[in-house]
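Data first, discussion second: the structure below is written as structure tokens.
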Amino acid sequence: MSLFTQRPANRKGQKRIRMAEDREVLREIWEARLPVSFQLAQDEVATLNVPEPFYLMVPRLLYFPLVTDKVRKHFIQYVSPEASGREIWLSDGNGQPIKWNYPIGLWFDLFAEGALPWTVTVHFDGYPEDKIMRCSCKDTVRSQFMSYLKEADALKHKGNVMNCMQEKDHNQLWQGFQNDKFDQFWSANKKLMESVVGEGFRHIPIKCYTPEKLAMQRIVKPIDETTGTWTTLHDALLEFFPTIDFSTVRVIIHGVEPPLGTPVQWLSEHMSYPDNFLHLSVLPSTPGFSYFSTPSLSSPSTESGSRVSPNSSS
Amino acid sequence: MAMSMASHHSNDQSGALYGVDYSGRVWTFNANSKTSTGWSMLPVNNRLDIKRLTSISGIVWAISSDHQIYVFVPKRDVPIRVREEVYENERWNPVNNFCDQLLPTDRPHFSDETGLINRDKSYIKLPSDSWQWESDWQIVDTFENQLLSQDGWTYAIDFPANYKSEKSWNSMVRRRKLYHYRRYVAHNRWNKIEAIYEDHTKEPFVDVSVSRYGNSEMFCLWAVSVLGQIYFRSEVSENNPEGSYWHHIEIPKGLEACQVGVSGQGVPFIVTWTGSFLFRTGLTPHNLSGSDWIEIGGPTGGLFQVSVGENTMWAITRDKKCWTLKGTVQDVFKSSSSAAEWLEIPGKLKCISVSRNDQNVLAVCDEEGVVLVRYGIADDQRHGQQWKEAFPEVSWDSISVCSRMSEVDSIDGSGDTSTASIRPDLPPQTQFNLSSGSESGDTVSLCWIDGACLSAIKSRHDGDLEVGPWREEILTNLQSLKVGTEKFDYPNAVESRASSWSKSVKARMIHKSKKEGGVNGELEISNNDTLVFHKSMQNSWICSVRDVLSVILDSEACISFSLRIRNSFEDGRAEIVSFRFSNEKECEEWRTAIVEISLKPQEQCKLANLWLTTDAGEIHQCGQIKIAETPSEMDIITPAAGDNLKFHHPLVRGFCVGSELRIDISIPADAERFAFNFKGNDDTAFHFNPRLDVSQVVRNSYDKGEWGEEERDGVFPFLKGQNYEILFQCSETHFITIVTKKHKFVFAFKHRILPRNITTFTAVGDVTVNSIRYDPANPEDVERLEFISNPIPGHFWKLTAASNGMVWTLSYDMAVWVYLLNSKKSLKLESNVIGPIHDEKVFHTYENQRWNPISSFTSHGLPTDRHSWTDETGRIKLEKEDIKLPSNKWNWVTEWEVDFDLKEGVDKDGWQYAIDFPASYHPKKNLRDFVRRRRWKRVCRFTTDGPWNLVQNIKLVDICIWVRNFFEMKNKTKNV
């Protein structure tokens, strides 16, 4: 072991492995849901009776095309026959078409400003092909998911882990993800979260998003080379925005704001989306805006037992 | 007034550092000591003025101002004891019975075991003043595991013959073995080692150096005298720190040594006044002093000072230039050629030293007396990149010399301290700040040098990522977010489908309880709680993972493991099923998956201080869990045709007081009679027989082949074609039967046979039983404790536990380990308690050769001979390549080496000779010896992490713990 270089391995090169072990956090992230109220676009209603909104608890980690089958079935009776054969697309409260290839939770954090339930408008007509891609079937979603996984693994382990996995493990990842099976997904995913104790991944798969400019990616290493300490969220953000003023922004992931001193290695292991990327939303912090006190939510003590009514039609 | 420091390295992970200050006192550095700087004086009782020192394994040799060598042995837990043995021989003669008058051809009165060496008691003396006899001569009183008579004599016909413990009519000689121990008592003081001549001023010493020979127990101690002559001290080891004799080693004529050093492997080298470098070849375990000197050409300028690590060599020449050897040291030593290529390293240096593992090179710069360290040493860059200043804030005396550095790999993450380095001549309270860049709380690693300087170089945090307060914050935020969204009781977008996922693998299952052979099939785990083994298309074996009690590895090979499964059908016996996989990785994966799922939570399981060790070296901690029995609906089993038996079911827990059995029956329209029986093995405790033809319910019992007295009284409640509900209860005195149909009809039958012998319930005759419900007696009374075991990481062969919760174990390499967790605490292993564990195994193979007149000894033997590479018996062929590691948790530590450690003795190449193969072997070749063999060994090591702590400095063969009065604890151990 040389004094000035990296930490020593144990005897004879046997290294201790660390992995994502904090199951409590992993489960909280996995089980996070968003209450979504789907409404058909006003101008597309072709029948006399107006459709009721369709309510669903949607997992934050999934993609919209995986959960909208029921939505489509609910609304298809209300649209004109020509439109009924088309692929649906969604737009959020601001009228922006929702890119389906963003995880649901990410889009919500970025644009919906925490208002619950999230009102999403369903369209059958006028697919904005210039803004969002077509998604004809679930396999399109799967191939994007897998390609993100491979990219993340290339950043973390030079691609070794994904390449050594068999086809059935890849299937297990997708099936576990799609069917909301935590154990199934994580028993395969844990291999992708392994790293050597004291070293971490090669690079951290991380992307930043702001409401104006989406999808930025930079090279972030888990350990700062000059100081030898674990890189924190604070330092990682400086890579993206060198002139950032931390008092004016909020960084949100999965709906929470992690402390800036959190090591990105830990964040990558535990708070990545299932595609193994950390998708961070960087938003301006509005003074006086508290994330948890929106009008539709009041403090737990007053609202005991009252619940919002479910869908009227099954 | 030089300042020099020595260091020690040992086989285990700790290092230590010694320093000498200007007044000749020796200080030792201990990172954990209570002084603020970590330096404390060496605990010596006599004060000497020390000039130079060298050390190994805690023992320090030093040259004092009178130019004599002194040795310091620290006091340890395990004392240094040497056993001296002697045999006393006597012959019988008619006059004096057994006496010490022996024939002239006999062995001496006191001899060693073979009788060849005279070991008269007067010859056996204490080697020096540092030793003391522990006791007088004692008689060994066991012989071949039998107790001898009080005087300990064994008898034989003549001297080299079979000795027996009893005197028989033809015993003409006898002998007994005596022993006593001598103990090293001169701890913690400087003990003078004898000089070369009687008059120590004739040739005093100027330099001394010690190292270990390879990985063996022997040390190599070399010294230089003032006349430039080299001396080697023989037989220096931990058990004999003073050594035995000085041997003068010749050096080539005309040369005079000014420096002696020993490389990491034990090879000594000298630097002469003329600037030449010579090293010693021909070192063998028998001849640690070697046979020849080989000179290596040094760089131009003449060598001044040299330091040798394992593979690299650094030197300073007289013109203050720094050089390093281009090739590796091993190559140069082996090739024995005088040419060696040197690479100049820029820098003007005064002296240099390199650590034993080549990683750290320190040098003292010429002008400012600044200490430099070589930066950038890596595997591909053995000579580093540049010099950097080591301790900018500490100023060093320009005379301070770095001479040798030794091992640094003690920094294994556990060497984190935050102490500062100081010049040891300052009073202990002086605090120093570290070089810039260090903040408080940063870990500092220490570099052990033996030379002038000591460095406290900051190293990065070796540890794992530590969880901080941010985790709690994130978790609470996530949880409150969840609470906020849960108010919305919308339906789920994604239903968890009933069809679960499963993971499967091909394996071979052997059902040990049923004594079946192996069956190939597919093992599947579905939904994380059920194990299914598909044997063939229809046939499968299923069990719930919750029912798995233990998971045990079958053998060292780690490709199969066994499960002990709770079997609810057979009392007390667990089902044992074993699975074998095609490779180790799959086995390990499945084993850990099943262990994780079946690990019982703390509340359910009461861990006892009960441990299990297996042949594979695994350790399990055992406990018991309560299985509360709930009342169960029993299946109706259709009886065999032709049997008048309508219903038959075993009552697994008998029908004790408090049990109930409830049945619903239908009586067919043409019924005549039917009966219910509570049967034991060959008796019937209660026979309930409603007879519709005579409208009576007959109650009786059957014992020892006879029916007892019938009870026929009472109302007859049954009618043909109706349904009834009957409840059978067992009270303390009676069987109570309650028939319910609009009204309750009660029958009481006094116990004649003890109800606890009841094993089955049968229904016979014209009745149809529709359902049955069996409530055994109060479950707490009949609770079953199941024996489970949880594997703990570790690899040991013997474990002993005491009643107060202490657990000590021995590994295969005779090291002792202590269990760190309190067994009452949680099963989850906290990471701060886990440390590295290792175990070593040695593999042997024998190389056999036969002599033939043409080509002397060759490996071609006669056709009837054993193979040239075999095991000890010669029957099993064992080539070196065939010997593989038991599982991939093991790693080879050494290459194949000749083993010199055979019982009968070996010659200098390790051969032992014999007339023919299975005969007695001896080390010297006689005329009639036509075969020879030698043993090769290779060591492999198993490493893992677990909650065990190594007890240093001791190797044991056996261990047991006895707890006395719960206040004291004594260890009874048997040392090797």
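The values are calculated or read from the model by the stated rules, or taken from the named source; none is laboratory data. Nothing here was measured: the structure is a model prediction, and the numbers come from that model. In this analysis, Cβ positions are derived from the backbone assuming ideal geometry, glycine residues included, and neighbour counts consider all displayed protein chains. Just so you know, the surface numbers come from the protein's heavy atoms only, side chains and all, with ligands and any DNA or RNA stripped out. Shrake-Rupley method; radii C 1.70, N 1.55, O 1.52, S 1.80 Å.
Spin-label model, B:Phe143 to B:Lys512: label points 7 Å out along the Cα-to-beta-carbon direction sit 4.5 nm apart. For the range B:148-242, the fraction of alpha-carbon pairs lying more than 23 Å apart is 55 percent, rounded to a whole number. I need the calculated FRET efficiency for the pair B:His751 and B:Ser540, taking r as the beta carbon distance and R₀ as 35 Å, to the nearest 0.05. Plugging the Cβ-Cβ distance into 1/(1 + (r/R0)^6) gives 0.20. Of the GluC sites (Glu not before Pro) in the range B:700-780, the ones in a loop by DSSP (not H, G, I, E or B) with at most 14 other beta carbons within 10 Å are B:Glu709, B:Glu710, B:Glu732, B:Glu780.
For the range B:827-917, which GluC sites (Glu not before Pro) are both in a DSSP coil and crowded by at most 16 other Cβ atoms within 10 Å?
On the way: sites: B:Glu830, B:Glu840, B:Glu847, B:Glu872, B:Glu879, B:Glu881, B:Glu895, B:Glu897, B:Glu904; in loops: B:Glu830, B:Glu872, B:Glu879, B:Glu895, B:Glu904.
The qualifying sites are B:Glu830, B:Glu872, B:Glu879, B:Glu895, B:Glu904.
Here are some pairs, B:Lys321/B:Lys388; B:Lys903/B:Lys925; B:Lys75/B:Lys177; A:Lys181/B:Lys482; which of them have Cα atoms lying more than 22 Å apart in this structure? Don't jump to the answer; show the numbers that get you there.
Details: B:Lys321/B:Lys388 17 Å; B:Lys903/B:Lys925 16 Å; B:Lys75/B:Lys177 31 Å; A:Lys181/B:Lys482 18 Å.
Long pairs (Cα-Cα over 22 Å): B:Lys75/B:Lys177.
Go ahead and run the numbers for FRET between B:Ser920 and B:Val595, Cβ-Cβ distance against an R0 of 60 Å, rounding to 0.05.
On the way: r = 51 Å, r/R0 = 0.85.
Here the calculated transfer efficiency is 0.75.
Of the residues making up the range A:164-203, those losing 20 Å² or more of accessible area when the isolated chain is joined by the remaining protein chains, with a 1.4 Å probe, are A:Lys168, A:Gln172, A:Asn179, A:Asp180, A:Lys181, A:Asp183, A:Gln184, A:Val197.
For B:Asp106, B:Asp766, the ranking by accessible surface with the largest value first comes to B:Asp766, B:Asp106, using a 1.4 Å probe. Taking label points 7 Å from Cα along the Cα-to-Cβ direction, A:Glu52 and A:Glu31 give a separation of 2.8 nm.
Only loop residues by DSSP count here, and only those with at most 11 other Cβ atoms within 10 Å; note down the chymotrypsin sites (Phe, Trp or Tyr not before Pro) in the range B:141-176 that meet that. Before the final figure, lay out the partial values.
Working: sites: B:Phe143, B:Trp153, B:Tyr155, B:Tyr163, B:Trp169; in loops: B:Trp153, B:Tyr163, B:Trp169.
Hits after loop and neighbour filter: B:Trp169.
Rolling a 1.4 Å probe over the protein heavy atoms leaves A:Lys190 with an accessible area of roughly 90 Å². List the residue ranges in chain A for DSSP H helices whose C-alpha atoms run 27 angstrom or more along the long axis and whose Kyte-Doolittle average is -1.0 or above. Helices meeting the criterion: A:138-157. When chains A and B come together, the accessible area they lose, probed at 1.4 Å and totalled over both chains, is close to 6000 Å².
Counting GluC sites (Glu not before Pro) as exposed when in a DSSP loop with at most 10 other beta carbons within 10 Å, what is the longest stretch of chain A free of them? Working shown, then result.
On the way: sites that count: A:Glu129, A:Glu212, A:Glu225.
Excluding the exposed sites themselves, the longest stretch runs over A:1-128.
Shielding by partners for peptide A:48-58, expressed as the average number of C-beta atoms from other protein chains within 10 Å of each residue's C-beta, is 2. Would you mind counting up the charge near A:Trp107? Only other residues with Cβ under 11 Å from its Cβ, with Lys and Arg at +1 and Asp and Glu at -1. Net local charge, A:Trp107 excluded: 0. Per-residue shielding of B:466-479, expressed as the average number of other chain Cβ atoms within 10 Å of the residue Cβ, stands at 6.
B:Ser135 to B:Phe857: FRET efficiency via 1/(1 + (r/R0)^6), r the Cβ-Cβ distance, R0 56 Å, to the nearest 0.05? Don't jump to the answer; show the numbers that get you there.
Numbers: r = 48 Å, r/R0 = 0.86.
Once the sixth-power term is evaluated, E becomes 0.70.
Quick one: net charge around A:Leu173, please, counting Lys, Arg +1 and Asp, Glu -1 for every other residue with C-beta under 12 Å from its C-beta. Taking every Cβ under 12 Å from that of A:Leu173, the sum is +2.
Counting only heavy atoms of protein chains, what accessible area per residue, in Å², does the range A:27-148 have with a probe of 1.4 Å? Each step should come with its number before you reach the end.
On the way: 5050 Å² over 122 residues.
Per residue, the range A:27-148 has 41 Å² of solvent-accessible surface.
Given chain A, what whole percent of its Cα pairs are spread farther than 24 Å?
Working: 28974 of 49141 pairs.
The proportion of pairs with Cα distances above 24 Å equals 59 percent.
Adding -39500 (n - 2.57) for every DSSP H run of four residues or longer, then dividing by how many residues chain A holds, sets the calculated 222 nm ellipticity at -7500 deg cm²/dmol.
Taking each residue of B:543-550 in turn, how many C-beta atoms of other protein chains fall within 10 Å of its C-beta, and what is the average?
On the way: counts 0, 0, 0, 0, 0, 0, 0, 0.
Per residue, the number of nearby Cβ atoms from other chains is 0 on average.
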